[in-house]
1. Please state which one of B:63, B:111, B:74 is surrounded by 18 or more Cβ atoms within 10 Å (Cβ to Cβ) and in contact (Cβ under 8 Å) with a residue 12 or more places away in the chain.
2. Looking only at residues that are touching a helix residue (DSSP H, G or I) at 6+ places or on another chain (Cβ under 7 Å) and facing chain A (nearest Cβ under 9 Å) in the stretch B:70-98, which one is nearest to residue A:136 (Cα to Cα)?
3. Residue A:194: under 19 Å from the mean Cα position of the chain (by Cα), assigned to a strand (DSSP E or B) and within 17 Å of residue A:104 (Cβ to Cβ), yes or no?
4. List the strands (runs of 3 or more DSSP E) that sit entirely inside the stretch A:198-264 and contain at least 3 residues that are in contact with a helix residue (DSSP H, G or I) (Cβ under 7 Å, 6 or more places away or on another chain) and over 23 Å from residue A:22 (Cβ atoms).
5. Can you tell me which residues in the stretch B:37-61 are assigned to a loop (DSSP other than H, G, I, E, B) and more than 9 Å from every other protein chain (Cβ to nearest Cβ)?
6. What are the residues in the stretch A:72-88 that are surrounded by fewer than 17 Cβ atoms within 10 Å (Cβ to Cβ) and under 24 Å from residue A:230 (Cα atoms), if any?
7. Whether any residue in the stretch A:196-206 is out of contact with any strand residue (DSSP E or B) (no Cβ under 6 Å at 6 or more places or on another chain) and within 14 Å of chain B (Cβ to nearest Cβ) is what I want to check.
8. How many residues does the stretch A:89-107 hold that are buried (at least 18 other Cβ atoms within 10 Å of the Cβ) and part of a helix (DSSP H, G or I)?
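Computed from the coordinates by the stated procedures, all read-outs in this text should not be read as laboratory data. Here the structure is a predicted model, which means the values were calculated and not measured. Reconstructed Cβ throughout: ideal geometry from the backbone, glycine too, with neighbour counts over all protein chains shown.
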């Protein structure tokens, strides 16, 4: 269902007064619940619920050839499926741009922050390296899938155990996990998406709020260092507003991290 | 229970030959959907969501005589030990179709000309019998969505390990190699005892197949009771609100 104009206008009127339908402040997230290790067959997994938004992220690993430009580094691959199960807006079939963008934004957040120490995932230079797959699935889409997926990817990576590998045979022993974790840096990258509606900046929009969002900025950062960013939607944003976005992001990052820290 | 005696056959997970793994059922797991449900056999977990009845697009696929049931079965890439490529495969498309056939007989689809009812089934975690868990979840989700149905359906897989019949096959059993190996027979029943779906992989004689069907019927009764209970309880919860 598409958000009606009447609801959209009401959202904007409320925001002018600094209010939201569900009583949140503009920089508040909805309630977050996180479960990890939800899939026994995945190397690592997490389910993240933000309000009614529900996302499952799984990490799988495989041994394959390295890319020609990084012969001594592991590979990272992020895919996402916006399941038709999760919303009447999503259809089956090849991934649409929304899903592609989601996966690529999360990919860059993790890759550019150098969170995974890919150089430690090399088994034999130029021959065999680990590939880390991060697969994101939406279970219920009610806005802000991006940030939910970002948290899910982070928690699932932290949860993951590398599968056993038979060096002689060159085979991964699926279903058997070593106690070894994926080598990760200490600083945790998180994506925060800030939306601009009218003159207001908000975080964690519901689906209705997302529908009236005029522009959005997704920022991937760790410990105050920004390593990835993407502006979405067609409306422009002024330099001043961009400054406001960055300031807001820093505050929200700290608040959000406090909520998810215990799951890492 | 069936007359077949317990032969003392040891299953790898210690179950009796006619024992189903621990089942879980829950409705309302996807708030966006018109109806939804989770169903699990042990480590096999399926969730189903129903959207519709809604107008069928594209228009040329509309059927003016009756509605269309469209079932999509999908496994999450990390639901199995060796990652599967996301998206539809030949296997998943076939399972979608047979599941559609398994459910259609009880669905009063004639009431919805030109419309489509979408059932999306996703396997979150797989340990064999995924299509059966999927069908059980889908039946629950359709009922939860309030779609008129003559009845519900219940599905279970019967295995033949060497010469022994077992109920609700696990992955470990599916890969049975000793003796005559493993035969996998997923079956779907209505509570009246009509079969709406049956498949078979392996080898079995007619006499034993008849026994297998009988075993499935008994197991499906148990599953049916759980489905019924789950639906009744979901209504109670709503009343409290």
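1. On the way: B:63 fails: surrounded by 18 or more Cβ atoms within 10 Å (Cβ to Cβ); B:111 fails: surrounded by 18 or more Cβ atoms within 10 Å (Cβ to Cβ).
Just a single option satisfies the conditions, and that option is B:74.
2. Filtering the stretch B:70-98 for residues that are touching a helix residue (DSSP H, G or I) at 6+ places or on another chain (Cβ under 7 Å) and facing chain A (nearest Cβ under 9 Å), the one nearest to residue A:136 (Cα to Cα) comes out as B:74.
3. no
4. Hits in the stretch A:198-264: A:215-222, A:225-232.
5. Answer for the stretch B:37-61, where residues must be assigned to a loop (DSSP other than H, G, I, E, B) and more than 9 Å from every other protein chain (Cβ to nearest Cβ): B:42, B:56, B:57, B:58.
6. Selection gives A:77 alone.
7. For the stretch A:196-206, residues out of contact with any strand residue (DSSP E or B) (no Cβ under 6 Å at 6 or more places or on another chain) and within 14 Å of chain B (Cβ to nearest Cβ): present.
8. 6
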